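The values are calculated or read from the model by the stated rules, or taken from the named source; none is laboratory data. Note that the structure is a prediction, hence the values are computed from the model and not measured. No Cβ is skipped: glycine too gets one built from the backbone with ideal geometry, and neighbour counts run over all protein chains shown.
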Amino acid sequence: MLFWKKETRFNRIKKKLEEAKRKDAGLVVFGASSHQYKVHEKLAKKELADWQAKHQIKLPEPYAQLLTKVGNGGAGPYYGLYPLEKATAYTDEHALAAKCVLYPEMSKEEWNHLVGALIHDEDIPDTEYDDARNRVLGGMLCIGTQGCEYDMYLVLDGVHKGKIVYTSEVYADHPFFFVYEDSILDWYERWLDEIILDYDIWWFGNQMPGDEHALIQVYQNDPNEETQLKALQAMFKFKKISQPTMKFLKHVVEHSSKHRITAIRLICKTSLKAGRGDLLKLLQSERDEDFMHALGILHGHSKSVYLAECIQVVVQSLGRVQDPEMLRHAGYVLDAADAAAFHNFAPFLCHDDPKMQEAAIYATRNCKDKPANWEVIDQLLAGSSKDVMKYTILYWGIIPHEKLLPYYKDAWPDYKDNPNFREKFEAGLRELQLPDDYFDRE
């Protein structure tokens, strides 16, 4: 009976592979264009036995079954799964034979102690570095990559045998991440389910599993605030949410100061119309932190008809902006909404802080009325540093107004040998119907 159940699961996985391929016919899911939902030929049981005998390792049974009953690598999360021979080649033999020292929810302190030689000793010999890294990756098999510095490993021994670990470059305070599933088969099938359900899975496996109801139950039944936050964050995989979930999120906004922002972001992700009122409250809050959160949410949604009133509040609130980071984000939002009027940023262009000037220059890069505001630009350039001049040329080009030509003439020697900048100068001259060698004349 147990054998029958296992066979049924593998048949189910194969059917889900076909269904996922149909669902993602355009290969839009991250990494799908690499594996195209095709698995390699199944690993023969003798090949599996030979590998285990050679390395004196018994692979976790679910992984062995995946190799021998579904396919020896191919379709899988991110860029897919390596065939066993490739996984072995991508794993240092000393690490393969070592014991796994990692565990879920490893403390930052223990992690930092474990990787200390890798992040603090710049003069460590190569052999010692390799030994230290093999201790970190010990007892695990590299089964695939997520791209760049991120890989996927399978734990081969100990109490966490069979779990998947997402690795990256080694950084202080950043222990490697253990996925939620205990079995590679559970992890693999969840990947297929989330594709079929049309979830956003760019960072598959990093978030808590479960549908809307399950995640709400976790939030409501677990008093741990960190677990509650993880349950909320997992909801970002939903492209749409039901009315009961929307009601739940509205309740979180009203009753949880710690999770309020996350809930508002979730509401706005799926319904800007529903989130408009909460966004307005954030924008009108006296807390700069709230205002910054609102700008972050608005960025990327600025053209929505539901947010026109929010954009107007951002314009009216520019007077409260006192630091470059806030001004930069306000600029992103207003530029994306075609609402970055030059005159609204004039006070920042003439600010004493070059960082504020830089943010304002970037925010107004698409304004078409800069020549008409030449007096503001004259004030900006009159006392500007070389960096400020560089940013105006980089983001604005050369403003075609004869009153500004002396500033560009002074700057010309620093830019004439750079083809990209030279073209900006010559374009400005052509607009003023002046010869290309104008700045070279005495």
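General remarks:
- Positions within region 303-335 being over 22 Å from LEU266 (Cα atoms), part of a loop (DSSP other than H, G, I, E, B) and not charged (D, E, K, R), in sequence order: SER317, VAL321, GLN322
- Selection status of LYS23, over 23 Å from LYS163 (Cα atoms), out of contact with any Phe, Trp or Tyr (no Cβ under 7 Å at 6 or more places or on another chain) and surrounded by 17 or more Cβ atoms within 10 Å (Cβ to Cβ): yes
Conditions (1) modelled with pLDDT under 95; (2) more than 24 Å from LYS409 (Cα to Cα), marked per residue:
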position: GLY331; (1), (2): no, yes
position: ALA337; (1), (2): yes, yes
position: GLU358; (1), (2): no, no
position: LYS370; (1), (2): no, no
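- Among the helices (runs of 4 or more DSSP H) confined to region 87-198, the ones with at least 2 residues that are among the hydroxyl-bearing types (Ser, Thr, Tyr) are located at 126-136.
- The numbered conditions (1) at pLDDT 95 or above; (2) under 22 Å from PHE238 (Cα atoms) are all true for PHE176 except (2).
- Within region 156-190, restricting attention to residues that are crowded, with 21+ Cβ neighbours inside 10 Å and hydrophobic (A, V, I, L, M, F, W, C), the residue that is nearest to LYS69 (Cα to Cα) is LEU185.
- Flag if LYS230 is of a type in the set (D, E, K, R) and touching an Asp or Glu at 6+ places or on another chain (Cβ under 8 Å): no
- For region 86-98, the condition of being over 28 Å from the mean Cα position of the chain (by Cα), touching a residue at least 24 places away in the same chain (Cβ under 8 Å) and closer than 30 Å to GLU18 by Cβ holds for at least one residue.
- All conditions but one from (1) buried (at least 19 other Cβ atoms within 10 Å of the Cβ); (2) out of contact with any Asp or Glu (no Cβ under 8 Å at 6 or more places or on another chain) apply to GLY147; the one that does not is (1).
- Members of region 104-144 that are surrounded by 17 or more Cβ atoms within 10 Å (Cβ to Cβ), within 27 Å of the chain's Cα centre (by Cα) and under 30 Å from HIS35 (Cα atoms): ARG133, VAL136, LEU137, MET140, LEU141, CYS142, ILE143, GLY144
- The one condition in (1) within 25 Å of the chain's Cα centre (by Cα); (2) touching a residue at least 24 places away in the same chain (Cβ under 8 Å); (3) surrounded by 14 or more Cβ atoms within 10 Å (Cβ to Cβ) that ALA32 fails to fulfil: (2)
- Verdict on LEU298 being under 30 Å from ALA382 (Cβ atoms) and outside the structural domain of ALA214 (by TED's automatic domain parsing): no
- Failed criterion for LYS247 (all others in (1) surrounded by fewer than 17 Cβ atoms within 10 Å (Cβ to Cβ); (2) basic (Lys, Arg); (3) within 25 Å of the chain's Cα centre (by Cα) hold): (3)
- Condition check for LYS390: free of Cβ contacts under 8 Å to residues at least 12 places away in the same chain, closer than 24 Å to ASP335 by Cβ and touching an Asp or Glu at 6+ places or on another chain (Cβ under 9 Å): yes
- Note on region 320-375: among residues that are in the same structural domain as TYR395 (by TED's automatic domain parsing) and touching a His at 6+ places or on another chain (Cβ under 8 Å), the one that is surrounded by the fewest Cβ atoms within 10 Å (Cβ to Cβ) is PRO371.
- The one condition from (1) assigned to a loop (DSSP other than H, G, I, E, B); (2) within 32 Å of the chain's Cα centre (by Cα); (3) over 30 Å from ALA132 (Cα atoms) that LEU66 does not meet is (1).
- Residue satisfying all of: in region 376-389; at pLDDT below 95 and either charged (D, E, K, R) or surrounded by fewer than 13 Cβ atoms within 10 Å (Cβ to Cβ) (or both); farthest from LYS355 (Cα to Cα) among these: ALA382
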